[in-house]
1. Between T562 and A207, how high is the FRET efficiency from 1/(1 + (r/R0)^6) when r is the Cβ-Cβ distance and R₀ = 25 Å? Nearest 0.05.
2. Find the eigenvalues of the gyration tensor of the Cα atoms of segment 172-217, then list the square roots of 5 times those eigenvalues as equivalent ellipsoid semi-axes, largest first, in whole angstrom.
3. If eta is 1.002 mPa s and T is 20 °C, what Stokes-Einstein diffusion coefficient results for segment 443-516, Kirkwood Rh from Cα pairs, in µm²/s?
4. Rounded to a whole number of µm²/s, how large is the Stokes-Einstein D of segment 480-545 at 10 °C and 1.306 mPa s, given Rh as the Kirkwood radius over C-alpha pairs?
5. List the lysines whose Cα sits under 17 Å from the Cα of K510, skipping any in the same chain fewer than 8 residues away.
6. Based on the Kirkwood radius over alpha-carbon pairs, what value in µm²/s does the Stokes-Einstein equation return for the translational diffusion coefficient of segment 337-423 at 20 °C and 1.002 mPa s?
7. Amide H to amide H, which residues 5 or more places from T372 or on other chains are under 5 Å from it, using H placed in the peptide plane?
8. Counting pairwise Cα distances across segment 45-98, what percent come out greater than 16 angstrom?
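Any read-out appearing in this document is the output of simple, stated calculations on the displayed coordinates, not a laboratory observation. Given the structure is predicted, the values throughout are model-derived calculations rather than measurements. Note that each Cβ is placed from the backbone with ideal geometry, even for glycine, and that neighbours are counted across all protein chains shown.
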Amino acid sequence: MKDDFLKKLLATFKIEADEHISAMSSLLVEVEKTSDAQRRAKAIENIFREAHSLKGAARSVNVTEIEMICQSLESVFAAMKRNEITLSAELFDLLHETVDGLRRFLSAGEAERTADEKSKEAELIGKLEEAAKGTGIGDWGAGIKDQGVVGGKQEARQEVGYTKPVATETVRISTTKLDTLLLQAEELLLVKLATSQRTADLADINATLDLWKKEWTKIYPDMRMVRRLLEKNGEQKQGKNNGQLKRLLGFLEWNDSYIKSLEGKLGTLAKSIEYDNRSHGRMVDDLLDGMKRASMLPFSSLLEIFPKLVRDLSREQGKNIELVIRGREVEIDRRILEEMKDPLIHMVRNCIDHGIEKPDERIGKKKPAHGTIVIAISPKDSSNIEMAISDDGAGVDVARVREAALKHGVISIEEAGKLSEPQTMSLIYCSGISTSPIVTDISGRGLGLAIVRERAERLGGAISLDTRSDAGATFRITLPMTLATFRGVLVRENDHLFIIPTTSVDMVIKMNREEIKTVENRETILFNGQTILLVKLSNVLGMPRKIAAGDAAGAHSGHVLTAVILASAEKRIAFTVDEVVNEQEVLVKSLCKQLSRVRNIAGATILGSGKTVLILNIPDLLETAIKVGAVPAMVTGVTEEVELEEKTILVVEDSITARTLLKNILESAGYNVRTAVDGIDGFTTLKEGAFDLVVSDVDMPRMNGFDLTAKIRSDKKLSELPVVLVTALQSREDRERGIDVGANAYIVKSSFDQSNLLEVIKRLI
């Protein structure tokens, strides 16, 4: 029991200690950079308190090493408060080294420390004690002056320093628990969508009833006339037919009263459901909004490491660089912050390494000797933020970008001559492209910006660049505030539904076929004075086209087309679709790990009707569209009606996520698909109908894919049926076993690609 309690106590201590160490690191940079005596004194007092609090916490859990180091740090900070020691470069180097040592010790712990590390720790403590006495440290008064206010920028630079959060009534909760609660709250969005669908269904029923009422109103006078005639004839002559007709008229009158009663009940029910839908929708929205806010963190939690990062790297490079941070209080989803940490480090490294020039070079260009990097965070709209990283360095040289792209074979000489300056500048995001003449441990490999763009686009954002020669460069990254939900446009194409993120939609337009122009064998339209590529969404997704004769007949008669103009970075392309259904809130369902990189697909969602719909990956879609754009996307001549022979495929997969994904992929490609949950279910289904091919997982309960394939091959009627195994098993033995039992193809899920699967199936059937 004591051991368990101690482990929990140490875990809590590590969290608290990490906060103290981060605060000390930021405050040290502030003390080092500022020249304002009052502000510096306040920062020294704060850092003294942080060291004292960390010492007390370490003592309470018996971590004597951290306690001893903090004791020595306190002595130095106390001497600094009394102005008994001179601030110098060597002193700050020692203090930063000590704080870094505390962080390393906290991560490793006592058990993992070597004798050499313990010796260095003792040496560090000795240096701190000497520094506290004012001995062994050189004078750096001039250095502090140089690092102070230059050109009246004190106010902007004050934003860099660490600000201790205001004490509030808070509770510490693990991110795992918070993520679980957020996921449950997000799932309520499906309930909200389903309730809205039920409300719409009930409205349809009432509309149907209204139609019945109109028809009944037309025939009701005739029925009353027939009854009067029957009553008149009945006085003269009674007959069998008259009796039957009277009973029929009686039933119709009863039916009229019954349906009117039903109409009243449906009307009351519709009002109640509509009220419940509105009130529950508000509650779900409020709960989801509250949980999103609870999962948000200010950018300051990400940016606190950057002042020291800039300090260390600029000193290594022999440069004098100031960091200005604006908008650190802006909040965003914690998961997005974690994803953007490494890309932001890449950006800042680039600014330091080959953005800002060395002091002598800057002076030669009549610039201040010190350079400035600005990280500015600002809300862009209600659901997106913009992160701008800028420097006042040399800027990005378009000629060097073109030269690097040619050198690495990204573009040909002919293509280089045709590219505009913005198009050429966009090549810096290609992997391997770097304008640095040398590869260093900081930059030059040409991977940084490629990683930044890939990460931003994967999160549903975008990146752009503004640059001027010798005036610096600004990278603007747009990011969503939350990950799980977003607004999406629901479109229909070839009887299939897809979701397009609203943030990527420039405009939805209607146009006549006469507006389509062919340029260099590519169909284009004019949009806002710019010629943009026009493609059909089904062509880009590899879906077969079903062309009706009526469509062809209207090819030259002003037939109206619907197009969605999508944009990402510098690309802008128009996609024609059959219908834009609506815009709605979308809850993203991630694909399983093995299928996490299906081209053109970013995930899936569930509509209120319960139907699973794929979410399109816009950057992928635009790249694919450029490749297929030379193929005519529209039908411009009279064509006979084409009927594609529909093939039927059986998907055997025990995972509901993988089964749904495969079913959607194959149906989107024009195949008729049935599913089974394991080998026994699959073989039973094969006996009940006719199929052209089987796609099966291997590792399944009751009967696995190997046994199912062997059973198919041993059956006289099914022995020639093609079988494709899609599995996570990738060893050589498993592949050989798949061949031995008679599988026609063996696709490993870790390298799964939608186009590969469709190509294999097309070849087999």
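1. Values: r = 25 Å, r/R0 = 1.01.
It comes out at approximately 0.50.
2. Working: eigenvalues 407, 5, 3 Å².
Values for segment 172-217, descending: 45, 5, 4 Å.
3. Details: Rh = 15.8 Å.
Approximately 135 µm²/s, per Stokes-Einstein.
4. Values: Rh = 14.3 Å.
Using the Kirkwood radius from Cα pairs, D works out to 111 µm²/s.
5. K536
6. Numbers: Rh = 15.7 Å.
Rounded to a whole number, D works out at 136 µm²/s.
7. E322, D392
8. It works out to 42 percent of all Cα pairs.
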